[in-house]
Amino acid sequence: MELSDNTKNILGLHLPTDPRWVDLAGISLEAILTDHAYCEQKAATTCITLIQRYSDKEKLVYELAPIVAEEWGHFRLVLNELKKRGLKLGKQRKDEYVNKLIEFQKKGGSPEDRLLDHLLTMALIEARSCERFKRLSENLPDAYMRNFYRRFMESEAGHYTLFIDLAETYLDKKLVRKRWKEWLVYETDVMKDLEVRGDRIH
């Protein structure tokens, strides 16, 4: 899968990653791999939570079930990469990016509002992860690590579209698109406010 540099058209994101981030990530390989591992772990557990919460929605259950296995497989791949390099899985850190997204979710709204925001939150996380993995796959000095991150980039792109598709399956498409635009504007502001750090995926 080839992703254009025009991230706004491909992923909808309004703000590309600061180029300094890749340089910092390359310097902090143990830290970035540690954070990546936990991101994959949290993606798997979040999908499990969505399945449990929306068990009445058959398509969601059957579409997310293999994603759980895939994300856990990614966690193991990153864990093995740490071990192979003689690096340690560090402590899980607070994910400021994800926590800021959760703040934007509608609280106390209808069940449909909550479902929509849960799915769009996941779509946005996957889209940003895809964009970050693309940067790593193109700009890390180590050819092996560029290929390593290319496989994750391709996977996250598929996940991003899946969550949008699920939202449009269960909710009015016009509502989904309207709310998605609001999410994209909000995420841009979040990215502008976050410190550029090479020890985290987001």
Practice task
Report, in degrees rounded to the nearest 10, the 0 to 90 angle that the Cα long axis of helix 29-53 makes with the longest principal axis of the chain.
Solution key: 20
Practice task
Report the residues of the range 174-202 in range of a label on Asn139: point 7 Å along Cα→C-beta, backbone N strictly under 19 Å from it.
Solution key: 188-202
Problem - Estimated [θ] at 222 nm from DSSP helical runs (n ≥ 4, -39500 (n - 2.57)) normalised by residues in the chain, nearest 500 - result: -25500 deg cm²/dmol
Handout entry: Point-to-point label distance, Glu103-Asp165, nm (Cα→Cβ direction, 7 Å offset)
Key = 3.4
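What's the FRET efficiency of Glu195 with Asp56 using the Cβ-Cβ distance as r and R₀ = 41 Å, to the nearest 0.05?
Efficiency, from the Cβ-Cβ distance: 0.50.
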Practice task
Pull out a ≥ b ≥ c, the square roots of the eigenvalues of the alpha-carbon gyration tensor of the chain, then state rounded if a/c is under 1.5, prolate if not and a/b is larger than b/c, and oblate in the remaining case.
Solution key: prolate
Practice task
Please give the length that would be gained between Arg146 and Leu24 if that part of the chain were fully extended, namely 0.36 nm times their separation in residues minus their C-alpha to C-alpha distance (nm, one decimal).
Solution key: 42.4 nm
Problem - 20 Å Cα-Cα threshold exceeded, pairs from Lys42/Lys94; Lys100/Lys192; Lys57/Lys94 - result: Lys57/Lys94
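Ignoring the sites themselves, what is the longest stretch of the chain with no GluC sites (Glu not before Pro) in a DSSP loop and at most 16 other beta-carbon atoms within 10 Å?
With a cap of 16 other Cβ atoms within 10 Å, the longest stretch comes to 3-194.
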Exercise for the section: Report the charge-dipole magnitude of the chain in Debye, nearest 20, computed about the Cα centre from +1 at each Lys and Arg Cβ and -1 at each Asp and Glu Cβ. Expected result: 300
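Where a number appears in this text, it was derived from the coordinates with a stated rule and is not lab data. Please read these numbers as outputs of a predicted model, since none were measured by experiment. Don't worry about glycine lacking a Cβ; one is built from the backbone with ideal geometry, like all the others, and counts go over all protein chains shown.
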